[in-house]
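S.K.: I have a structure I would like to understand better, so I am pasting it below and will then ask my questions one at a time.
Quick note: the coordinates plus some simple rules give every number you see, no bench work behind them. Note that the structure is predicted; figures quoted are calculated from it, not measured. No Cβ is skipped: glycine too gets one built from the backbone with ideal geometry, and neighbour counts run over all protein chains shown.
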Amino acid sequence: MADLSHVAVVFDLDGTLIDSAPDIHAASNRIMAELGHPPLSLPEVQAYVGKGLPNLVARLLEHHGQAPDGPLLAPTIARFETEYLTAHSLTHPYPGVIAALDALQAKGAALGLCTNKPIAPTRAVLDHLNLTPRFAAILGGDSLPIRKPDPEHLHATARLINRPRLIYVGDSEVDAECARAAQVPFLLFTKGYRKAPLDQIPHDIAFDDWAEMPSLLHRLL
């Protein structure tokens, strides 16, 4: 792989670097049970992941017949934020992620993180998985007044890294829309939390094995 000292590689988190759906599912069912609602399946909860915590909570409340913008929204979001700080026991990096990050850094790439997960639980899970020191910039879904797919979320992350070239890596329709709006190349991890078929999600390169990702990025550049 060629020298990457001019490149910033920014990643999404949930469904891209880490498989956190089992913990999100468990936390969702615990909190909804406190409100008297029955549990949902993993696919049902996972379908609501990707657009930030407020959207997840709104969709869960709506699923259970509650007003998605009603009086339960704010306190339930706050309850999730507390729960997320320690909901890590079922979360792990996807196979090959650590080696891929190591390979990119060894060639000089600077790494960033742009996620719609709130910043406090983002840092908590990164600390838990010993990933925090790898990233030169970390922005969560509440770090700015906007979040993905607004391209400013991605651009703000890139400015903190300050490299001439920017590549974005994600797993979802939201990530693809953000990359397209930001006019940056997009690598799509296909085993994450996307809802649409692969051919309906704009991308430059798709991959399902993190061991291939560094060489694919080199090919893209």
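S.K.: What is the Rg over Rh value, at two decimals, for region 1-130, using alpha-carbon atoms and the Kirkwood definition of Rh?
M.R.: Details: Rg = 16.8 Å, Rh = 15.9 Å.
Radius of gyration over Kirkwood radius for region 1-130 works out to 1.06.
S.K.: Here's something else I'd like to know. Measuring from centroid to centroid over Cα atoms, what is the spacing of region 142-221 and region 30-53 in Å?
M.R.: Cα centres, region 142-221 to region 30-53: 26 Å.
S.K.: In square nanometres and to one decimal, what's the mean projected area of the convex hull around the Cα atoms of region 21-84? Walk me through the intermediate numbers first.
M.R.: Working: hull surface 14.6 nm².
Average projection, Cα convex hull of region 21-84: 3.7 nm².
S.K.: Could you calculate the contour length gain from LEU144 to ILE205, that is, 0.36 nm times the residue separation minus the distance between their Cα atoms, to one decimal place in nm? Let's see the in-between values first.
M.R.: Values: separation 61, 0.36 × 61 = 21.96 nm, distance 2.85 nm.
Length gained between LEU144 and ILE205: 19.1 nm.
S.K.: With the crude spin-label approximation of a point 7 Å out along Cα→Cβ, what separation in nm comes out for LEU221 versus GLU152?
M.R.: Rounded to a tenth, the inter-label distance reads 3.0 nm.
S.K.: Quick one: go through region 1-30 and flag any residue whose amide nitrogen is under 19 Å from the point 7 Å out along the Cα-to-Cβ line of SER89.
M.R.: Those under the cut-off are 19-30.
S.K.: Now for a separate question. For labels at ALA99 and LEU35 in the simple 7 Å Cα→Cβ model, what's the distance in nm?
M.R.: Taking the two extended label points, one gets 4.2 nm.
S.K.: Out of region 52-125, which GluC sites (Glu not before Pro) are coil in DSSP terms and have no more than 12 other C-beta atoms within 10 Å? Numbers along the way, then the final one.
M.R.: Values: sites: GLU62, GLU81, GLU83; in loops: none.
Within region 52-125, no GluC sites (Glu not before Pro) qualify (loop, at most 12 other Cβ atoms within 10 Å).
S.K.: From the list [x] 0.97; [y] 1.00; [z] 0.94, can you say which value of Rg/Rh (Cα atoms, Kirkwood Rh) was derived from the structure given?
M.R.: Recomputing Rg/Rh (Cα atoms, Kirkwood Rh) here picks out [x].
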